[in-house]
Amino acid sequence: MASNENVVAVILGGGAGTRLFPLTRDRSKPAVPLGGKYRLIDVPVSNCINSNVTQIFVVTQYNSASLNRHISQTYRFSNFSTGFVEILAAEQRKDSPGWFQGTADAVRQIMPHLRDWRVKTLLILSGDHLYRMDYRRFLARHYDTNADVTISVIPAKPEDAEGFGLLKTTPEGKITEFREKPKGDELLSMKVDTTSFGLSIEEAARRPYLASMGIYVFNYERLVELLNEDESRVDFGGEVIPAAIRSCNVQAHLFNDYWEDIGTIRAFYEANLDLASPLPKFNFFDTSAPIYSRSRYLPPSKLQDSDIDRSLVSEGCIINGIYARNSIIGLRSRIDTGVRIENSILMGSDFYESISELQWNLDGSVPNIGIGRNSHIRKAIIDKNVRIGKNVKLLNSRGVENEDCPNGSYYVREGIIIIPKNSLIPDDTEI
């Protein structure tokens, strides 16, 4: 087996994140806050660190400033280690003057930065998935089968399958066919017997498809060949993987645990709120494989006269006389008396306002950062540094499915109210 010192991980930051807008209005997709105190990028980076893969590049091209800041402030390895986490943003060079055209093109364009690391094996990950995986098992499967490419796959139900790239394999796990998001008869033709991967008969009947998780292990030299032999191949799922199946040893690695693609507002909302449930599908309290994030040295949260249940409360909050159910309250949140919060995600604040700033707010009749007294918030996502005044009602009482406020102060997606970062919602507003 190759040493992990010859393994380099590349985490793809994704495109503009339009399906997560407006959470991606001011930041890249991997920098979107998660679970009150983390960011999406912390999940794959932590998986790498826990798997002893410590040479990590994060590739991005949209709104990368906050992601860059988070990476530089969070992941600092010892001077006696070869470990690093570095941002590689899209750049113009004579041989590649354009932006990344797809996942494979992004890796093709960063190849000059990988050559100096004597890479034998490239682990390619996504920056917007929520899961916990020991990549050492993924790598072991790759080495044990002498594969050119190994794809991590997850058993899928029929109702979910058409949203994924689907695979067929031999009983030994060699991939023989790949179809990207098939429909109708094509979808039915991709059914497989997943009992050969260790599923029970009942579970195999419930999940008869093998879906690609969009994460791969490549033999580095073989990947270079695949990318160079046809430069029109810009996407892994649609182009590189089908070409590899025709000419290479491509193997499947089964992952049969919780995995969620946080690609839409609905998926983001539901995955976050599940974290606050008594038995969450993804457990941040697993000390054997912790999820790392920035150390902020914040004081403990201060709660007075409040009724809070089935919720996560992050550090540094000041909470007075509130009612909260099934919600996430993010870092440095300030919430005043009489506030009701239900089924909502509050991302908190990047900073505390000083006494002089609070006085200036009072003099100018500007709400403080946080939530003013007697406001009611239900089924909403409140981004960072938002000012919500007194007696505000964010309830979507009109039952709107999708709406964009003309001045950009709020959006509704699939019935979920979203207040973008740094917005101000005046007293007595009703949405």
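What follows is calculated from the coordinates using simple rules that are stated; it is not laboratory data. On a predicted model such as this, the values are computed, not experimentally measured, just so you know. Cβ atoms come from the backbone with ideal geometry, glycine included; neighbour counts cover every protein chain shown.
Numbers at a glance
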{"read-out": "Listed peptides 210-218, 287-295 by packing density, highest first (mean Cβ within 10 Å)", "value": "210-218, 287-295"}
{"read-out": "Region 302-425, relative contact order [Cα under 8 Å, separation at least 6], %", "value": "18"}
{"read-out": "Kirkwood-Stokes translational diffusion coefficient of region 302-425, alpha-carbon pairs, 37 °C, 0.692 mPa s, µm²/s", "value": "228"}
{"read-out": "Under 23 Å from the Cα of Lys183 - lysines, other chains or at least 8 residues apart", "value": "Lys157, Lys168, Lys191"}
{"read-out": "Extent along principal axes [Cα atoms of region 41-187; Å; largest to smallest]", "value": "51, 34, 28"}
{"read-out": "Peptide ranges 19-28, 112-121 listed from the most packed, as the mean C-beta count within 10 angstrom indicates", "value": "19-28, 112-121"}
{"read-out": "Set of lysines near Lys390 by C-alpha distance (under 27 Å), chain-local residues within fewer than 8 positions excluded", "value": "Lys37, Lys302, Lys379, Lys421"}
{"read-out": "Order by protection proxy (mean Cβ within 10 Å, highest first), peptides 198-207, 67-76", "value": "67-76, 198-207"}
{"read-out": "CD proxy at 222 nm, helix term only [per DSSP H run n ≥ 4: -39500 (n - 2.57); per residue of the chain; nearest 500]", "value": "-5500 deg cm²/dmol"}
{"read-out": "Square roots of five times the Cα gyration tensor eigenvalues for region 314-380, Å", "value": "21, 14, 9"}
{"read-out": "Fraction of antiparallel bridges per DSSP, region 302-425 only, in percent to nearest 5", "value": "15"}
{"read-out": "Cα-Cα separations in region 4-274 greater than 23 Å, expressed as whole percent", "value": "53"}
{"read-out": "Estimated FRET transfer efficiency (Glu177, Trp360; beta-carbon r; R0 60 Å; 0.05)", "value": "0.40"}
{"read-out": "Beta bridges per DSSP with both ends in the chain, % antiparallel, nearest 5", "value": "35"}
{"read-out": "Anchor Lys393: aspartates and glutamates whose Cα lies under 15 Å away (excluding residues fewer than 8 positions away in-chain)", "value": "Asp336, Glu342, Asp427, Asp428, Glu430"}
{"read-out": "Dimensionless Rg ratio for region 161-293, taking C-alpha atoms and the 2.2 N^0.38 Å reference", "value": "1.23"}
{"read-out": "Principal axis dimensions, region 153-193 - Cα atoms, whole angstrom, descending", "value": "26, 17, 15"}
{"read-out": "In region 328-431, trypsin sites (Lys or Arg not before Pro) in a DSSP loop with at most 12 other beta-carbon atoms within 10 Å", "value": "Arg398"}
{"read-out": "Relative contact order, percent, the chain [alpha-carbon distance under 8 Å, six or more residues apart]", "value": "14"}
